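Read the structure below first, then the notes.
The values are calculated or read from the model by the stated rules, or taken from the named source; none is laboratory data. Small disclaimer: the values here were computed from a predicted structure and weren't measured. Cβ placement follows ideal geometry from the backbone for every residue including glycine, while neighbour counts extend to all protein chains displayed.
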Amino acid sequence: MRIFILAGLLGLSAPSFAGAGATEERVRGVEVRVQRLETRVTVLEGSRGSGKSPAPVIQKEPVVPVAVQFLRKHNVVEGDKFGLKLYLYFQNLSTRTLRSFKGRLVMSDDKGAVLYDRPFVWSEPLLGSETMEIMITVVGGSDKAYLRLLRAKGLTAKLQKQEAVY
């Protein structure tokens, strides 16, 4: 009798073991379909904004590639000669290397009066976004520009009519 009971219990439990394999297959099939659906949704969400992928940003070269800032001035007297050393800070505003640049260096005081206006040429490379300090000597004498620069307060420097060689 025990044998019949064990055989009956085994027979009743066999369909549940067979059903577990079928359920696992169904779950795997549903998981695969969900993954496919997720990939399609992400593709559709990515193209929803403009219909196209965004264009790469193109950086334009600045109109004025070099910025100038006045740092300090130093009076120099050697015997009967005298002059003024002007220390200027030049910065390359573009991302490209400048092989040389030229323009008109204009120095003005805090009231806006132009004290110094001369052509300026620099022929050494200046890397992109690099800065450098340049010293310019203004020789004294009968030149009124020297005396005006010597007495001036709040000097500012600008490089106008710039031409850059990349």
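Tabulated values for the structure
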item	result
Residues located in the stretch 69-114, provided they are touching a residue at least 40 places away in the same chain (Cβ under 8 Å) and either polar (S, T, N, Q) or not assigned by TED's automatic domain parsing to the domain that holds Leu126 (or both)	Gln69, Asn75, Gln91, Ser94, Thr97, Ser100, Ser108
Restricting the stretch 104-147 to residues that are of a type in the set (Asp, Glu) and modelled with pLDDT of 85 or more, the residue that is surrounded by the most Cβ atoms within 10 Å (Cβ to Cβ)	Asp109
Restricting the stretch 14-67 to residues that are loosely packed, with under 10 Cβ neighbours inside 10 Å and within 30 Å of Lys161 (Cα to Cα), the residue that is modelled with the highest pLDDT	Val63
